[in-house]
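*Asks:* The following block contains the structure, expressed as structure tokens.
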Amino acid sequence: SFVVDQTHTTKCPSQEALLFGSWVKTVSVGALCHASHLTTFGVKTIVGGAAFGECASSGVSPGVYVARLVALKRESPAAKTDEEKLGAIIDLYIKTGIQVYSPGYMGRQFSGVIPLAGVIDLISSIANQPSSFYESAQLPNVAERIMADEFNRFIGWEPERFAMITTSGGTLANFTALLAARNDKFPQIWSQGLYALES
């Protein structure tokens, strides 16, 4: 089947899946493209519109935002289209967050990302290929190897005698480093558990 994206005036195939014996539409590619296009306006606001001093959230009670989201959900299609609802949700998301790209933001605990990395993250989220094994994410695994070689230019380890894995953030990186150090110091802990430390 085909759906017509009225905004882009192109025909895009839709995906269907068998659910409890019935075929249901799971993705409208045209709608996805249009939603992504709409989201870029929010991204422009985040990256380019933050002014000095506007780095803190508004401090409004969570109940106020719950009420706004519930109101958006209950509005009829005649009152507000899906596009307008999505735009309102994106706008609310941006306005209620900490402006990490503001020159006044000190970068405590988390910071703004390189915009290109955000684009790749969008693709990665939609493709949903785990990089834990090569067959499902061949390019990310190769990119990880290239990143390791680039970092080693600064560290200076012997080539082919080290390995690197990427994590989703600093906290998980710290935990992974602690586990690696523990396993190197106490290799028997995998088979004997913490009781191996008593012997």
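The values are calculated or read from the model by the stated rules, or taken from the named source; none is laboratory data. Predicted model only: the values in this text are computed from it and were never measured. FYI the Cβ positions are ideal-geometry reconstructions off the backbone, even for glycines, and counts take in every protein chain you see. Surface accessibility is based on the protein's heavy atoms, side chains included, excluding ligands, DNA and RNA. Shrake-Rupley method; radii C 1.70, N 1.55, O 1.52, S 1.80 Å.
*Asks:* Taking the criterion of being part of a helix (DSSP H, G or I) and either more than 26 Å from PRO130 (Cα to Cα) or in contact with a helix residue (DSSP H, G or I) (Cβ under 8 Å, 6 or more places away or on another chain) (or both), would at least one residue in the range 172-182 satisfy it?
*Replies:* Yes, some residue in the range 172-182 is part of a helix (DSSP H, G or I) and either more than 26 Å from PRO130 (Cα to Cα) or in contact with a helix residue (DSSP H, G or I) (Cβ under 8 Å, 6 or more places away or on another chain) (or both).
*Asks:* VAL47: assigned to a helix (DSSP H, G or I), modelled with pLDDT of 70 or more, of a type in the set (Val, Ile, Thr) and under 21 Å from the mean Cα position of the chain (by Cα), yes or no?
*Replies:* For VAL47, the condition - assigned to a helix (DSSP H, G or I), modelled with pLDDT of 70 or more, of a type in the set (Val, Ile, Thr) and under 21 Å from the mean Cα position of the chain (by Cα) - is met.
*Asks:* Return the residues of the range 130-146 that are under 19 Å from the mean Cα position of the chain (by Cα) and either open to solvent by less than 80 Å² (accessible area, probe 1.4 Å) or under 18 Å from GLY169 (Cα atoms) (or both); say none if nothing qualifies. Reasoning before the result, please.
*Replies:* Of all residues in the range 130-146, those under 19 Å from the mean Cα position of the chain (by Cα) come to 130-132, 136-137, 139-141, 143-144.
Of everything in the range 130-146, those that are under 19 Å from the mean Cα position of the chain (by Cα) and either open to solvent by less than 80 Å² (accessible area, probe 1.4 Å) or under 18 Å from GLY169 (Cα atoms) (or both) turn out to be PRO130, SER131, SER132, SER136, ALA137, PRO140, ASN141, ALA143, GLU144.
*Asks:* Looking only at the range 147-161, how many residues end up being surrounded by 10 or more Cβ atoms within 10 Å (Cβ to Cβ) and part of a loop (DSSP other than H, G, I, E, B)?
*Replies:* Final tally of qualifying residues: 1.
*Asks:* Checking the conditions here, which among ALA196, ALA180 is without any contact (Cβ under 8 Å) to a residue 24 or more places away in the chain and closer than 26 Å to SER124 by Cβ? Give the steps one after another, and end with the answer.
*Replies:* Details: ALA196 fails: closer than 26 Å to SER124 by Cβ.
Checking each option against the conditions leaves just ALA180.
*Asks:* Mind listing whichever residues of the range 62-88 are surrounded by fewer than 12 Cβ atoms within 10 Å (Cβ to Cβ) and modelled with pLDDT under 75? Let's see the steps before the verdict.
*Replies:* Within the range 62-88, the subset surrounded by fewer than 12 Cβ atoms within 10 Å (Cβ to Cβ) is 62-64, 66-67, 70-71, 73-74, 76-79, 81-82.
Listed by number, the residues that qualify are PRO62, SER76, PRO77, ALA78, ALA79, THR81, ASP82.
*Asks:* Related question: Residue check, ASP91 against (1) loosely packed, with under 14 Cβ neighbours inside 10 Å; (2) at pLDDT below 80; (3) more than 15 Å from the chain's Cα centre (by Cα), all met but one. Which one?
*Replies:* The number of the failed condition is (2).
*Asks:* To continue, here is another question. Just to be sure, is MET164 in a loop (DSSP other than H, G, I, E, B) and loosely packed, with under 10 Cβ neighbours inside 10 Å? Before you say what the answer is, go through the steps one by one.
*Replies:* Working: in a loop (DSSP other than H, G, I, E, B): yes; loosely packed, with under 10 Cβ neighbours inside 10 Å: no.
Here the answer is no, as MET164 does not meet what is asked.
*Asks:* Which residue out of GLY118, GLY104, GLY112 is out of contact with any strand residue (DSSP E or B) (no Cβ under 6 Å at 6 or more places or on another chain), open to solvent by less than 50 Å² (accessible area, probe 1.4 Å) and under 29 Å from LYS73 (Cβ atoms)?
*Replies:* Answer to the selection: GLY118.
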